[in-house]
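Below is one structure, written out as structure tokens, with a few remarks after it.
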Amino acid sequence: MPTTTPTPARLGNAIRWFRKRRDLSIEELAGKAEIHTTYLSGIELGQRNPSWNIVRSLSEALDIEVSAVVLLAEELADRQRESSRPSPTDPTSS
């Protein structure tokens, strides 16, 4: 079970992943979600922290549940946390 709170960057990565999986351009997804393309680009780059209403609009435009976006963002955050944790055999971990 995910234990790390996702950052705006991980949320953006999750949205980008779903957008590319649906073979949509930023312009297409932004149009469907009724947001500006530069705002969507900022979300995907982790430079913007979207409201729940924006996340819901993007989820609807992607035809997925909001929970799917959040779950993927949490998984990405957990993977990052795990990869940055020193290994038990790492001499710098003591």
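Karplus-derived 3J(HN,Hα) values for the range 26-42, using 6.51 cos²θ - 1.76 cosθ + 1.60 with θ = phi - 60°, are 4, 4, 5, 5, 4, x, 5, 8, 6, 10, 6, 4, 5, 5, 4, 4, x Hz; glycine and proline are entered as x. Here Ile64 sits with roughly 30 square angstrom of accessible surface, probe radius 1.4 Å. 3J(HN,Hα) along the range 10-24: 5, 4, x, 4, 5, 5, 4, 4, 5, 4, 5, 5, 8, 6, 10 Hz, from the Karplus curve 6.51 cos²θ - 1.76 cosθ + 1.60 with θ = phi - 60°, whole Hz, x for Gly and Pro.
The values are calculated or read from the model by the stated rules, or taken from the named source; none is laboratory data. The shown structure was predicted, so the numbers you read here are calculated from the model rather than taken from an experiment. We work out accessible area using only protein heavy atoms, side chains counted, and drop any ligands, DNA or RNA first. Shrake-Rupley method; radii C 1.70, N 1.55, O 1.52, S 1.80 Å.
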